[in-house]
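Some notes on the structure that comes next.
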Amino acid sequence: MTARITLEGIGKTFGAGETALRALDGVDLAVQPGEVVGIKGPSGSGKSTLLNIVACILEPTDGRLLIDGQTVWDGRYRVADLRRLRRERIGFIFQFHNLLPFLDATDNVALAMTLAGVDAAEARARARGLLDYLQIGRRAAAMPARLSGGEAQRVAIARALANRPSIILADEPTAALDSERARVVMDLLRQVAQDRQTAILVVTHDEKIFDRFDRMVALRDGRIEQDRRRAA
Amino acid sequence: MNLALADIRHRLGRFLMTCFGLSLLMAVALAMVGIYQGVVAEALALSRSLRADLWVVEQGTRGPFAESSRIPGDVRAIVARVPGVAEAGAITLRTAEAKAPQGILRMQVIGHEPGRPGGPSAIEAGRGLGGARFEMVVDARARLPLGATVELGGDRYRVVGLTRGLVASGGDPLAFVHLRDSQDLQFKLTPPAARRALAAGAGAGSTDTVNAVVARLHADADPDAVAETIRRWKHLAALTDAEQGEILTRSVVQRARVQLGMFTVVLLFVSAVIIALIIYTMTMDKLREIATLKLIGAPDRTIVGLVLQQALILGGAGYLTATAVVFASRGLFPRAVALGPAEIAMMAGVIGLICLFGSLVSIRAALAIEPQQALGG
């Protein structure tokens with residue numbers, strides 16, 4: 001089976017000369033369909049850099065990134081191609097949900113679809129379906145400011161799922177939630193991964209959800225220090 | 001779904017307040033354009049009202065507006081006999097301060113002969129001058145009612161008719177009186193002065209002097225040719241109506257026009273800077289949203305559309321409000337605010353361009369926002 005995400009010897013250096021900073025150094029990682037992988041590590045370990053590279057918004061200095069078996073950053077990709085790749089293949093979940101404050105829950109989800117060329121009416125219908133799937137359908141017409149943290153994060157997950165991505169990247173998705181809601185969100189992500197064979201990569205410091213990952217990768221000084229699978 | 005409209009709806013109160021503030025600025029700029037046009041329109045109001053084809057004035061002058069001009073009253077009959085002239089009328093012009101019921105009233109007094117060119121083209125209320133002396137037809141700008149009595153040069157005049165939109169280049173209302181009354185007012189010496197003139201052997205002097213003769217030509221007559229005939233054979237200066245209009249706008253009100261024009265340009269420049277700053281602030285307020293849009297793969301045209309549409313909606317709504325404000329308040333201005341469809345359309349175009357260029361900086365800034373900015377706390 002082709003891995004959803006493959007990183008081969010990925011390295012990233014910021015700056016040059018004496019001020020050069022090696023943020024990532026020879027990272028190898030493959031995330032399979034349906035797998036939920038956590039990335040942890042202290043500040044400056046390279047978690048955000050890794051996430052930005054997989055999100056196709058930061059070009060690695062060395063190594064190769066493959067998404068669904070296709071090499072990214074091979075010189076053929078332009079900014080528009082990378083955006084299309086993000087639009088169609090990658091879903092994002094943020095620490096503070098980042099819902100557009102001027103769109104209601106349905107439109108926040110539907111927007112991702114209309115950007116991918118789906119008709120507006122169909123996008124709204126599919127968005128309602130996704131909100132129902134994530135058990136937040138009753139809040140479909142609510143504006144983000146009226147949603148609780150957990151509700152907003154569910155809407156954000158629905159938006160991430162909008163275009164049936166093969167990858168979901170989450171940046172501290174539970175940091176703003178209490179333990180119970182954090183577990184609910186992680187369970188939802190696990191369910192999505194299993195139902196849709198989506199690979200999910202989660203950057204987190206949140207120890208209370210560490211047991212919800214299939215694998216936990218620990219980074220230190222830009223290298224993988226530990227890559228441990230959860231016991232079956 | 002339209003992101004620009006959705007964002008405006010979301011922050012409607014703030015948008016409306018911004019719009020209102022901007023509309024007041026635009027209203028000032030629009031009013032300046034109207035005042036500029038008003039100065040020109042007022043400068044030409046008298047000459048247009050008289051519907052003269054030719055202005056015959058004292059030789060060597062460009063009177064009677066730009067320079068003083070005095071010619072004998074019988075010139076009217078001479079001009080009337082020139083081939084091509086259909087009718088001619090003598091006029092006098094004088095700025096005067098009259099005692100009106102509401103106080104001292106500054107006006108431009110035009111003396112003319114009823115039934116001959118030189119009178120107002122239309123009467124708004126009341127009637128034109130009749131046979132009796134000391135009657136006056138005055139513009140509504142003077143705010144005098146029909147039947148009011150005005151004291152002018154020691155004589156009392158009764159307002160028998162009202163005109164509208166007839167003002168001098170300085171904005172003073174025009175008052176039409178009989179030529180004879182006007183000549184007395186302008187040229188008749190006071191008794192002590194007349195006595196001194198008699199004692200000096202100069203006589204009391206004739207008052208049959210006028211400032212200009214206005215002539216209307218036959219339809220087939222060439223104004224330039226008739227003017228040339230009068231210049232060559234009658235030793236008078238003759239200006240076609242086009243030349244008189246040129247003098248009025250290029251000479252008489254030139255400084256006022258340039259002043260207003262400069263001020264309008266400065267206002268438009270200030271408006272452009274403020275509009276650009278508002279659009280920039282509105283865009284930077286959405287920094288995280290724009291970064292999120294980019295991260296989830298929104299193409300540049302979505303970002304550009306968001307900024308540009310909001311700029312144009314802001315400009316359009318502001319301009320509509322500004323136009324309504326100016327039209328609602330233009331009667332309060334002491335001078336004409338002449339705004340027609342051409343001026344409104346021209347200003348709409350200018351505001352549109354300002355919004356367009358004003359949003360360029362914001363669009364550039366929005367496109368420079370990195371999608372990474374959506375990640376992290």
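Stokes-Einstein at 37 °C, 0.692 mPa s, Kirkwood radius from Cα pairs: D for the stretch B:224-330 in µm² s⁻¹? Could the numbers behind the result be given before it?
Numbers: Rh = 19.2 Å.
Reported coefficient: 171 µm²/s.
Determine the percent antiparallel among the DSSP beta bridges restricted to the stretch B:68-210, to the nearest 5.
Numbers: 22 of 32 bridges.
DSSP beta bridges in the stretch B:68-210 are roughly 70 percent antiparallel.
Once amide H atoms are built 1.01 Å from N in the peptide plane, which residues 5 or more positions from A:Ala30, or in another chain, come under 5 Å H to H?
Sorted by chain and number, the residues that satisfy this are A:Leu7.
Roughly what percent of Cα-Cα pairs across the stretch A:5-229 reach past 23 Å? The partial results should precede the final answer.
On the way: 11757 of 25200 pairs.
Cα-Cα pairs in the stretch A:5-229 separated by more than 23 Å: 47 percent.
Take the Cα of B:Arg335, step 7 Å along the line toward its Cβ, and report every residue of the stretch B:253-277 whose backbone nitrogen sits under 17 Å from that point.
Hits in the stretch B:253-277 for B:Arg335 at 17 Å: B:253-267.
Nearest 10 degrees, 0 to 90: what angle lies between the long axis of helix A:149-161 and the longest principal axis of chain A (Cα atoms)?
Long axis of A:149-161 versus the principal axis of chain A: about 70 degrees.
Relative contact order of the stretch A:169-216, please, whole-number percent, based on alpha carbon pairs below 8 angstrom and at least 6 residues apart. Write out the running numbers ahead of the final one.
On the way: 39 pairs, mean separation 24.6, N = 48.
With pairs under 8 Å counted, the relative contact order is 51 percent.
So how much slack lies between A:Glu225 and A:Asp132, counting 0.36 nm per residue of separation and subtracting their Cα-Cα distance, in nm?
On the way: separation 93, 0.36 × 93 = 33.48 nm, distance 3.97 nm.
29.5 nm is the gain from fully extending A:Glu225 to A:Asp132.
Pick from B:Ala336, B:Ala100, B:Ala365: which residue has the top mean-square fluctuation in a GNM of chain B where Cα pairs under 10 Å get a spring?
Looking only at B:Ala336, B:Ala100, B:Ala365, the biggest GNM fluctuation is shown by B:Ala365.
With a cut-off of 14 Å, note down the residues of the stretch B:77-110 whose backbone N falls inside the zone around a label point 7 Å from the Cα of B:Glu151 toward its beta carbon.
B:97-105
Could you tell me the calculated FRET efficiency between B:Ser68 and B:Phe327, based on Cβ-Cβ distance and R0 = 22 angstrom, to the nearest 0.05?
On the way: r = 39 Å, r/R0 = 1.78.
With R0 = 22 Å, the Cβ-Cβ based efficiency is 0.05.
Under a Cβ-Cβ cut-off of 11 Å, what is the net charge of the residues other than B:Gly171 that fall near it, where Lys and Arg count +1 and Asp and Glu count -1?
Numbers: positive: B:Arg106, B:Arg141, B:Arg335; negative: B:Glu42, B:Asp139, B:Asp172.
Net charge in that neighbourhood comes out at 0.
I need to check one value: relative contact order of chain A, counting alpha carbon pairs closer than 8 Å and at least 6 residues apart, in percent. Before the final figure, lay out each step's value.
Values: 487 pairs, mean separation 67.6, N = 232.
It rounds to 29 percent for chain A.
Report the accessible surface area buried between chains A and B, summing both sides, using a 1.4 Å probe on protein heavy atoms only, in Å² rounded to the nearest 100. Provide the component values of the computation, followed by the final result.
Working: alone 10970 and 18440 Å², together 27110 Å².
Interface between A and B: roughly 2300 Å².
Let me check I've understood the local charge: for B:Ala98, count other residues with C-beta under 12 angstrom from its C-beta, Lys and Arg +1, Asp and Glu -1. What total comes out?
Working: positive: B:Arg94, B:Lys99, B:Arg106, B:Arg156; negative: B:Glu97, B:Glu151, B:Asp155, B:Asp172.
With Lys, Arg at +1 and Asp, Glu at -1, the neighbours total 0.
Putting +1 on Lys and Arg Cβ atoms and -1 on Asp and Glu Cβ atoms, find which of B:Ser329, A:Phe102, A:Ile136 reaches farthest to the positive end of the dipole of the protein assembly as shown.
Of the listed residues, the answer is B:Ser329.
For chain B, set up a GNM with springs between Cα atoms under 10 Å and report which of B:Ser271, B:Ser47, B:Ser329 has the largest fluctuation.
B:Ser329
If you add up the charges near B:Ala221, with Lys and Arg at +1 and Asp and Glu at -1, over every other residue whose beta carbon is less than 15 angstrom from its beta carbon, what do you get?
Numbers: positive: B:Arg51, B:Arg81, B:Arg216; negative: B:Asp53, B:Glu87, B:Asp220, B:Asp222, B:Asp224, B:Glu228, B:Asp241.
Net charge in that neighbourhood comes out at -4.
Rounded to the nearest 500 deg cm²/dmol, what is the calculated helix-only ellipticity per residue at 222 nm for the protein assembly as shown, with -39500 (n - 2.57) per DSSP H run of length n ≥ 4? Before the final figure, lay out the partial values.
Values: 17 runs with 263 residues, N = 609.
After summing the helix terms and dividing by the residues of the protein assembly as shown, the value is -14000 deg cm²/dmol.
What's the extension gain from B:Asp220 to B:Gln373 if we count 0.36 nm per residue and subtract their Cα-Cα distance? Walk me through the numbers before you get to the answer.
Values: separation 153, 0.36 × 153 = 55.08 nm, distance 7.74 nm.
Contour length minus Cα-Cα distance gives 47.3 nm.
Enumerate the calculated ³J(HN,Hα) couplings along the stretch B:316-323 in order (Karplus 6.51 cos²θ - 1.76 cosθ + 1.60, θ = phi - 60°), each rounded to whole Hz, writing x wherever the residue is Gly or Pro.
Working through the residues one at a time gives x, 5, x, 5, 4, 5, 4, 5 Hz.
Quick check on the stretch B:96-171: take the gyration tensor over C-alpha atoms, sort the square-rooted eigenvalues as a ≥ b ≥ c, and tell me if it's rounded (a/c under 1.5), prolate or oblate.
Working: a/c = 1.42, a/b = 1.20, b/c = 1.18.
Rounded.
Could you list which residues have their amide H under 5 Å from that of B:Glu87, counting only those 5 or more apart in sequence or on another chain, with H placed in the peptide plane?
Amide H neighbours of B:Glu87, under 5 Å, 5+ apart: B:Arg216.
Treating only the Cβ of Lys, Arg, Asp and Glu as charged (+1, +1, -1, -1), what charge dipole size does the stretch A:5-229 show about its Cα centre? Round to the nearest 20 debye. Don't jump to the answer; show the numbers that get you there.
Values: 32 positive and 30 negative charges, 99 e Å.
Roughly 480 debye for the stretch A:5-229.
How large is the dipole of the stretch B:68-210 about the Cα centre if only Lys and Arg carry +1 and Asp and Glu carry -1, each at its Cβ, rounded to the nearest 20 debye? Can you show the working numbers first?
Working: 18 positive and 13 negative charges, 39 e Å.
Value, rounded to 20: 180 debye.
Count the lysine pairs in the protein assembly as shown whose Cα atoms lie under 29 Å apart, taking only pairs 8 or more positions apart in sequence or on different chains.
So the count works out to 11.
In the protein assembly as shown, if the dipole is taken from +1 on Lys/Arg beta carbons and -1 on Asp/Glu beta carbons about the Cα centre, which of B:Val40, B:Met262, A:Leu66 is farthest to the positive end?
So the residue we want is B:Val40.
So what are the ³J(HN,Hα) numbers for the stretch B:334-351, from phi and the Karplus equation (6.51, -1.76, 1.60; θ = phi - 60°), rounded to whole Hz, Gly and Pro as x?
My calculation for the stretch B:334-351 gives x, 10, 4, 10, 8, 10, x, x, 5, 5, 5, 5, 4, 5, 4, x, 4, 5 Hz in order.
Take the alpha carbon gyration tensor of the protein assembly as shown, find the square roots of its eigenvalues, order them as a ≥ b ≥ c, and report rounded if a/c is under 1.5; if not, report prolate when a/b exceeds b/c, else oblate. Each step should come with its number before you reach the end.
On the way: a/c = 4.56, a/b = 3.69, b/c = 1.23.
Because a/c hits 1.5 or more and a/b exceeds b/c, the protein assembly as shown counts as prolate.
Calculate how many DSSP beta bridges within chain A are antiparallel, expressed in % of all such bridges and rounded to the nearest 5.
Of all bridge pairs located within chain A, approximately 55 percent are antiparallel.
Using Cα centres only, tell me the gap between the stretch A:44-61 and the stretch B:248-324 in whole Å.
39 Å
Could you please state, rounded to a whole Å, how far the C-alpha centre of the stretch B:7-35 is from the C-alpha centre of the stretch A:15-31?
Spelled out, the Cα-based centre of one part sits 51 Å from the other.
Calculate how large, on average over all directions, the projected area of the Cα convex hull of the stretch B:1-79 is; give the answer in nm² to one decimal. Each step should come with its number before you reach the end.
Working: hull surface 39.1 nm².
The Cα convex hull of the stretch B:1-79, projected and averaged over all directions, gives 9.8 nm².
Please calculate how many Å² of accessible area the stretch A:5-229 carries per residue, with a 1.4 Å probe and no DNA, RNA or ligand atoms counted. Walk me through the numbers before you get to the answer.
Working: 9140 Å² over 225 residues.
Averaged over the residues of the stretch A:5-229, the accessible area is 41 Å².
I need two numbers for the stretch B:300-377: Rg to one decimal and Dmax as a whole number, Cα atoms only, in Å.
Radius of gyration, then largest Cα-Cα span, for the stretch B:300-377: 18.0, 60 Å.
Give the longest segment of chain B that steers clear of GluC sites (Glu not before Pro) in DSSP loops with at most 16 neighbouring Cβ atoms within 10 Å, not counting the sites themselves. Don't skip to the answer; put the middle values down first.
Details: sites that count: B:Glu67, B:Glu124.
Value returned for the longest uninterrupted segment is B:125-377.
How tilted is helix A:105-115 with respect to the longest principal axis of chain A? Cα atoms for both, answer in degrees (0 to 90, nearest 10).
So the inclination is approximately 60 degrees.
Mind putting a number on the dipole of chain B about its Cα centre? Charges go on the C-beta only, +1 for Lys and Arg and -1 for Asp and Glu, and I need it in Debye to the nearest 20. Could you put the intermediate results ahead of the total?
Details: 38 positive and 30 negative charges, 140 e Å.
Computed charge dipole of chain B: roughly 680 debye.
Search the structure for amide H atoms under 5 Å from the amide H of A:Gln95, placed 1.01 Å from N in the peptide plane, and list their residues when 5 or more places away or on another chain.
Distant-sequence amide H within range of A:Gln95: A:Asp171, B:Gly376.
If you consider only alpha-carbon coordinates, what radius of gyration and Dmax does the stretch B:42-160 have, in Å?
So, for the stretch B:42-160, Rg and Dmax equal 15.2, 48 Å respectively.
The values are calculated or read from the model by the stated rules, or taken from the named source; none is laboratory data. Model, not experiment: these values are computed from the prediction. Cβ: placed from backbone, ideal geometry, glycine included. Neighbour counts: every protein chain shown. Accessible surface is based on the protein model in full, side chains and every heavy atom, while ligands, DNA and RNA are left aside. Shrake-Rupley method; radii C 1.70, N 1.55, O 1.52, S 1.80 Å.
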